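This report concerns only the one structure given below.
The values are calculated or read from the model by the stated rules, or taken from the named source; none is laboratory data. Just so it is clear, the model here is predicted, and its values are computed rather than measured. All Cβ positions, even for glycine, are placed from backbone atoms using ideal geometry, and neighbour counts span all protein chains on display. The area values use the complete protein model at the heavy-atom level, side chains included, leaving out ligands, DNA and RNA. Shrake-Rupley method; radii C 1.70, N 1.55, O 1.52, S 1.80 Å.
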Amino acid sequence: MFRYLTTGESHGKAVTAVIEGLPANLKLTPKYINNELARRQGGYGRGGRMKLENDQVEIMSGIRANYTLGSPITFQIKNKDWVNWQEIMSPTGDGGYDQGEVKIKKDKKVKRVEPKVTKPRPGHADLAGSLKYDQQDIRNILERASARETAARVAVGAVAKQFLREFGIKVISHIVQIGSIKAEDKDLAVNQIIDNVDSSPVRTLDAQAEEEMIAEIKNAKEEGDSLGGVFEVVTTNLPIGLGSHVQWDRKLDGRLAQALMSIQAIKGVEVGLGFKAAGKPGSQVHDEIIYKSEFKHKSNNAGGIEGGMTNGEPLRVKAAMKPIPTLYQPLESVDLETKEKFKASVERSDVTAVPAAGVVGEAVVAIELAKAWLEKFGGDSMAEVKRNYESYIESLKNR
């Protein structure tokens with residue numbers, strides 16, 4: 001079974017990931033993973049931290065001479081800002097609450113004190129997490145709740161995407177909305193998206209919408225506000241039959257929805273027509289079936305999934321991201337200790353992270369597809385998985 005875990009805090013030493021269940025003999029190099037990490041850091045509207053990160057993966061186990069061994073794979077992505085946080089975030093220190101005397105000049109010494117964070121920020125995990133885990137310092141929540149964790153998931157997703165590429169499957173995203181600006185609704189081919197989307201600063205293929213999105217981001221920055229949006233993840237060349245109808249937790253659309261909703265700030269998911277289908281008659285929603293040397297559909301309103309299983313059409317899923325909750329015109333909150341009102345603290349933040357969220361979306365979709373793939377065509381080596389897949393495809397031709 002393909003599975004993974006991530007670890008690490010936003011200002012900790014590193015974020016890490018452990019993958020189990022990947023077959024042996026998949027070619028995998030750090031360069032491909034690093035390219036995906038760089039894509040996550042791009043996009044117009046990002047804040048100052050992106051200048052610090054420049055993420056690079058270090059492979060700790062499970063790969064030898066650029067090929068997987070079939071044993072667990074461990075990655076580490078170091079946090080470049082750790083040098084400034086090691087006293088505060090040290091696993092064995094005093095939390096930075098009293099760092100003692102620190103020399104700042106030849107003739108002067110001061111005490112460095114990091115006060116507890118007791119002021120929860122609206123829209124973050126601060127309040128619920130602090131109460132749930134009985135924490136007096138909100139930093140013990142916000143460090144792990146941070147979207148920094150998605151760097152590890154993008155690394156895992158890069159592995160999943162490389163695995164799927166062995167079978168001709170491509171996973172890509174594009175931005176369909178930022179703030180109030182929507183891109184023209186086109187049924188874009190996957191290769192068209194792959195070849196062009198990353199050259200756009202907001203990762204959209206609609207030139208007019210790109211211009212308007214950038215203008216709206218600039219305006220939001222001037223007003224100390226933030227913007228959300230919508231991205232679509234498209235996957236091509238999937239065979240019929242990934243996922244299953246027989247139990248609720250095996251339905252692929254349900255698993256994809258859970259994976260996408262687990263990304264920080266995602267508040268809604270659509271498959272195919274999604275919510276639009278609710279306002280149309282069935283005759284305008286369901287995809288007619290045809291046969292031309294294989295079973296196909298005249299349209300793809302279902303988004304490539306029927307009954308919890310892939311139906312051979314391109315997989316199309318959308319996710320809606322709320323505006324980033326850290327604002328330069330902060331909202332009101334209440335101190336955990338004093339219960340007094342205050343204006344939420346302002347930290348280095350993005351105006352929007354929707355273009356980057358699309359890359360994270362690709363990662364989690366690829367991970368779920370790799371899981372479903374190995375459930376159906378499993379094996380201990382890539383050769384075995386390919387034999388199982390080719391046998392299944394051959395059987396479909398005889399139906």
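Amide H contacts of S244 (H built 1.01 Å from N, in plane; Pro and chain starts excluded): K251, L252 sit under 5 Å, all sequence-distant by 5 or more or on other chains. Between S262 and A215, what is the label-point separation in nm under the 7 Å Cα-to-beta-carbon projection? Here the answer is 4.0 nm between the modelled labels.
Here the accessible area of the stretch 354-399 is 41 percent carbon and sulfur, with a 1.4 angstrom probe and all protein chains present.
When the Kirkwood radius is taken over all Cα pairs of the stretch 315-399, what Stokes-Einstein diffusion coefficient follows at 4 °C and 1.567 mPa s, in µm²/s? In µm²/s, the coefficient is 73. Between amide H atoms placed 1.01 Å from N, distances below 5 Å from K170 occur with T236, all of them 5 or more places distant or on a separate chain. Put simply, when 313-319, 354-360, 300-306 are sorted by average Cβ atoms within 10 angstrom per residue, most first, you get 354-360, 313-319, 300-306. For F231, the residues 5 or more places off, or on other chains, whose built amide H falls under 5 Å of its own are V176, A319, M321.
Couplings for the stretch 315-330, taken from phi via the Karplus curve 6.51 cos²θ - 1.76 cosθ + 1.60 with θ = phi - 60°, read 7, 10, 10, 10, 9, 9, 10, 6, x, 4, x, 7, 10, 7, 10, x Hz in order; Gly and Pro are left as x. Backbone phi angles across the stretch 10-16, fed through the Karplus curve with coefficients 6.51, -1.76 and 1.60 (θ = phi - 60°), yield HN-Hα couplings of 4, 10, x, 5, 6, 9, 10 Hz in residue order; Gly and Pro are listed as x.
For the chain, a Gaussian network of Cα nodes joined below 10 Å ranks E232, E362, E340 by mean-square fluctuation, and the top entry is E340. Given R0 = 30 Å, the distance between the Cβ atoms of N84 and A128 translates into a calculated FRET efficiency of 0.60.
The residues of the stretch 151-398 have, on average, 48 Å² of accessible surface per residue, using a 1.4 Å probe with all protein chains present. Taking all protein chains as shown and a probe of 1.4 angstrom, L369 keeps an accessible surface of around 0 Å².
Packing, as the average of other Cβ atoms within 10 Å across residues, places the peptides 8-19, 83-94 in the order 8-19, 83-94, highest first. Remark: the stretch 169-174, residue by residue, has Karplus-estimated 3J(HN,Hα) of 9, 10, 10, 8, 10, 8 Hz, where x stands for each Gly or Pro and the curve is 6.51 cos²θ - 1.76 cosθ + 1.60 at θ = phi - 60°.
Residues I193, I289, I393, ordered by accessible area of protein heavy atoms at a 1.4 angstrom probe radius and largest first, appear as I289, I393, I193. With a simple spin-label model that places each label point 7 Å from the Cα along the Cα-to-Cβ direction, the separation between K292 and K386 comes to 3.0 nm. If you take the Cα centroid of the stretch 315-329 and the Cα centroid of the stretch 235-276, the two points sit 18 Å apart. Any of K132/K267; K298/K397; K161/K218; K292/K386; K78/K170; K186/K276 with alpha carbons more than 23 Å apart? Name them for me. Pairs exceeding 23 Å: K161/K218; K292/K386; K78/K170.
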